[in-house]
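Pasting a structure below so you can have a look.
Any read-out appearing in this document is the output of simple, stated calculations on the displayed coordinates, not a laboratory observation. It should be emphasised that the depicted structure is a prediction, and the values quoted were computed from it without experimental measurement. All Cβ positions, even for glycine, are placed from backbone atoms using ideal geometry, and neighbour counts span all protein chains on display.
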Amino acid sequence: MNATDKTPAAPDVDSVSLTGTDLHLAFGRNKVLRGVDIHVDAGHAVTVIGPSGSGKSTLLRVLNRLHEPDQGDIALDGRSVLKDDPDALRQRIGMVFQHFNLFPHMTVADNVALAPRKLKNMSKEQSRALALEQLELVGLTAKADSRPGNLSGGQQQRVAIARALAMKPQVMFFDEATSALDPELVKGILAVMADLARGGMTMVVVTHEMGFAKQVSDTVLFMDHGAVVETGEPATLFEAPETARLQQFLSEVL
Ligand code: ADP
Ligand code: MG
């Protein structure tokens, strides 16, 4: 891809593949992940769908080792990361949640600049320039010196995306990033996410937005009770679900 092909929200990405193999995790006697396999090719987007409590958020948290799996392996670019420093892994994976968790007492630009400054030892000027660059990608340069509380939910979520991108991650996770937003703000965030996907970011997106799953993701993974029940290309999965459980789920959400 040459520079002129890039959409505004497509930063320079150095994306890698992500593979989780036979991932297991129990909280006490509650087996939350029961042998999950997930693979995302470099530059591809996988959406994870499934009922509440099926283990989607836990899967993301295991993949970036906020929880250590009881069993299984996690690899980036084909190389296991389980022996690496978990903090080093988390710097390679950007995460955006339902709740933006911005620091209310800091400006938007300072929120975005914080992690690069602290974790990459950037100077104040360097990290400010980087923050402005990332804010431009999400269309929020004008709000750089505002406080998060003066922004709409959609704008705050854009800041959270810019903050994650400022660390130049190789993979991005989104966990119901639009679920807390007013309906009219959802589209804008989905558009930023779609731009990122088109720009070649490796992405795992947990979402209830079936339109996004259909139109943007390369693969959809349907989870229920801690296991992947069905996986495939969106067209196949949505139009010809094989299992009664997916048929049931789709009849409830579509
Ligand atoms: P989903 O994101 O699909 O709604 P979660 O991954 O949040 O599902 O939760 C899956 C299951 O794991 C639920 O039964 C939930 O109660 C349990 N769970 C999640 N996080 C924890 C935790 N930190 N401690 C104990 N149980 C948890
Ligand atoms: Mg969840």
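Please determine, in degrees from 0 to 90 and to the nearest 10, the orientation of helix 153-165 with respect to the longest principal axis defined by the Cα atoms of the chain, where the helix direction is its Cα long axis.
90 degrees
Next question, about the same structure. From the phi angles alone, apply the Karplus equation (6.51, -1.76, 1.60; θ = phi - 60°) to the range 178-185 and give each ³J(HN,Hα) in whole Hz, x where the residue is Gly or Pro.
Running phi through 6.51 cos²θ - 1.76 cosθ + 1.60 with θ = phi - 60° gives 10, 5, 8, 8, 4, x, 6, 9 Hz.
Starting with the fewest neighbours, write out SER217, SER54 ranked by other beta-carbon atoms found within 10 Å of each beta-carbon.
Details: SER217 25, SER54 22.
In order of increasing Cβ crowding within 10 Å: SER54, SER217.
Report, for the chain, the % of DSSP beta bridges that are antiparallel, rounded to 5. Intermediate results must be reported in sequence, preceding the final value.
Values: 20 of 37 bridges.
The antiparallel fraction comes to roughly 55 percent.
For the chain, with only Lys/Arg (+1) and Asp/Glu (-1) charged at the beta-carbon, what is the dipole magnitude about the Cα centre, in debye rounded to 20?
Roughly 860 debye for the chain.
Rounded to the nearest 500, what is the 222 nm mean residue ellipticity of the chain from helices alone, with -39500 (n - 2.57) per DSSP H run of 4+ residues and division by all residues? Provide the component values of the computation, followed by the final result.
Values: 9 runs with 92 residues, N = 254.
Result for the chain, helices only: -10500 deg cm²/dmol.
Of THR58, LEU130, PRO183, which is farthest on the positive side of the dipole of the chain, counting Cα position, with +1 on Lys and Arg Cβ, -1 on Asp and Glu Cβ, and the Cα centre as origin?
Farthest towards the positive pole: LEU130.
For a quick protection proxy, order the peptides 195-207, 19-31 by their average other-Cβ count within 10 Å, most packed first.
Numbers: 195-207: 23.1, 19-31: 14.6.
So the order, starting with the most tightly packed, is 195-207, 19-31.
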